[in-house]
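The values are calculated or read from the model by the stated rules, or taken from the named source; none is laboratory data. Only a predicted model underlies this, so the values are computations on that prediction, with no experimental measurement involved. Here the Cβ positions follow ideal geometry from the backbone for every residue, glycine too, while neighbour counts run over all protein chains shown. SASA here: full protein model, heavy atoms, side chains in, ligands and nucleic acids out. Shrake-Rupley method; radii C 1.70, N 1.55, O 1.52, S 1.80 Å.
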Amino acid sequence: MDVLMPQLGETVAEGKIIKWFKNAGDPVQAGDDLFEIETDKTSMEVPATFAGTLSTINFQVGEVAKVGAVVAVITGAGEAPPPAKSAAPAPSATGARPHAAQTSNGASLDPWNAVRTPERNFGPARRSDGTASTPLARRLAAERGVDIVDVAGTGPHGRVVARDVAGAPDHRNSQVAALVPSAVGAAYDQRTYEEVPLDAMRATIARRLVEAKQTIPHFYLTTEVAIGRLLVLRKEINAAAEWPDGPAYRVSLNDFIIKAWAGALMRVPAANAVWAGDRILRFRVADIGVAVAIDGGLITPVIRNAESKTVTGISWEMKDLAERARSKKLKPAEYSGGSSSISNLGMFGVREFAAIVNPPQSTILAVGAGRRAPRETASGRVEFHDVMTVTLSCDHRVVDGAVGAQLLAVFKSIIEHPVSAIA
C-alpha cells in the first residue's frame, strides 16, 4: 500500500519531510506515526492507516514531496518490497495489454486507461501524440506554467506523472529570475547584501498577495472609533477574574474586536460573503480569521461561529490558536475558510493602515493602536477621549461602498456601546 503525501489545505502543493518515526523494515500498526511533514502553514504527523512492514522510504528528511507523491510503501505479511521504480506489466505475445475488468455497465477498469478530465480544468488526459498524463501532473503543469507536451513521461507506458512535471523548469518565475542578476543584483555591490532563498511560506505569501492585488478591486473605508467605554468594561471583566493565585483569565481588546466584528457581519449579511467566481456565497454564521505573526511570515487561524461565543470563550480559543500557530501545529481546518478577517497592528504602535483582502474573502478590518485624541463637545469645549482608527478593505465585486459603510458604522456602534452588544 502506497503512503501518499497528503494535501494540508487548498493552496498547499507540497510538503517537507522533517522527521521519520520509523525506519525501513520496521513493523507498523494502524495509527502509528510514520513521519512528520512541514508545509508553508503548518506541520503535522502522518500516521499509518493499516498494519504491515514499512518496506520502502522514498523521501528522506529534508526532502520535499509534492502532494500525492508516494512517500513510502507498506507491505503485508509475506509480501516482497516493490521495486524502486514501478514497472509496467509485460505485454503478451501479441502486444496486447492485460485484460481489463468491466463494471456492471460495461465501463472499462483497465488501469492503463487514461483518467478523463474535463478540458476546462487542466487539459485533456491524452496529448496530441497519444501520450497520457495523470490528473496531478496536469494540475502541476498548469500551476507551474509548464507545457505538458514538452515533458517526457517516465510512468507506465510513457505516461507523464507528477515527478516529471516537478523536474521541468518552472516558467512562473523565469522572468523574475532573469531580472535578478541583470537588473536588481547589478544595481548593488555584492559586498553589501546577502541572498536569502525563499522558503515555502514566503513564496506562498508573495504569490497570494500578488494574486489578491491584481485580481481584487480593492476600496478602503476609514473611521475613528471611541473605545473609552470598552476599556472600562475590559478592566472590570479582568478585575472580576482576579483570584489569590492569579487571574482565571484575561481578555484583550482584540477579543472584543473579534466579537464586535462578528456581530457587525451578522447584522449586515450582504457583507458576510465571499467571491466564488461565478457566484457570491453569503454565510449564516460569522467565521473570523485573525492574522497571527509567526516566524517567517503570518497565518490566519479562524474563530468559527464567533457571533455565538462569549468574549472570554473567544479569548481562550484565540490564545490556543495563536500558540499552536507559532509552533506550526494548526490543522488545515483551523486556518481554512472564514468569511472575513482582522489584522491588528495596534500592539506595535501603528496608528492606521490598510490590509490586503485575503481571497476568496471580501473584507478585512485593519485595526490601529488606541490613543488619546481631542474632541469638541456639544458645548464647544475640547475634551480628550480614547480612540482607535480602523480601516476596512473591501472587494468591490462583493461589497459596494454603501454596504461597506454600513458594516463599518455597525461595528463602530457596537464598540462604542459594548455592554448590551458584547458582554
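Entry remark, the range 378-394: residues being touching a strand residue (DSSP E or B) at 6+ places or on another chain (Cβ under 6 Å) and either assigned to a loop (DSSP other than H, G, I, E, B) or under 30 Å from Ile216 (Cβ atoms) (or both) number 8 in total.
Taken over the range 1-24, the criterion of being of a type outside the set (Val, Ile, Thr) and open to solvent by 50 Å² or more (accessible area, probe 1.4 Å) is satisfied by Met1, Asp2, Leu4, Gln7, Glu10, Glu14, Lys16, Lys19, Phe21, Asn23, Ala24. Scanning the range 25-46 for residues that are open to solvent by less than 50 Å² (accessible area, probe 1.4 Å) and either part of a strand (DSSP E or B) or within 30 Å of Arg207 (Cβ to Cβ) (or both) yields Val28, Leu34, Phe35, Glu36, Ile37, Thr39, Asp40, Thr42, Ser43, Val46.
Within the range 234-251, the residues that satisfy the criterion of being open to solvent by 40 Å² or more (accessible area, probe 1.4 Å) and in a loop (DSSP other than H, G, I, E, B) are Glu242, Trp243, Pro244, Asp245, Pro247, Ala248, Tyr249, Arg250.
Residues that are at pLDDT below 95, part of a loop (DSSP other than H, G, I, E, B) and under 20 Å from the mean Cα position of the chain (by Cα) were ranked within the range 270-290; the one that is nearest to Ala333 (Cα to Cα) is Ala276. Screening Ala177 with (1) at pLDDT below 85; (2) surrounded by 14 or more Cβ atoms within 10 Å (Cβ to Cβ); (3) assigned to a helix (DSSP H, G or I) gives one miss only, at (2). Counting the residues of the range 360-407 that are open to solvent by less than 10 Å² (accessible area, probe 1.4 Å) and within 16 Å of Val268 (Cα to Cα) gives 11. Selection over the range 324-345 of residues that are open to solvent by 20 Å² or more (accessible area, probe 1.4 Å) and either part of a loop (DSSP other than H, G, I, E, B) or modelled with pLDDT under 95 (or both) gives a count of 13.
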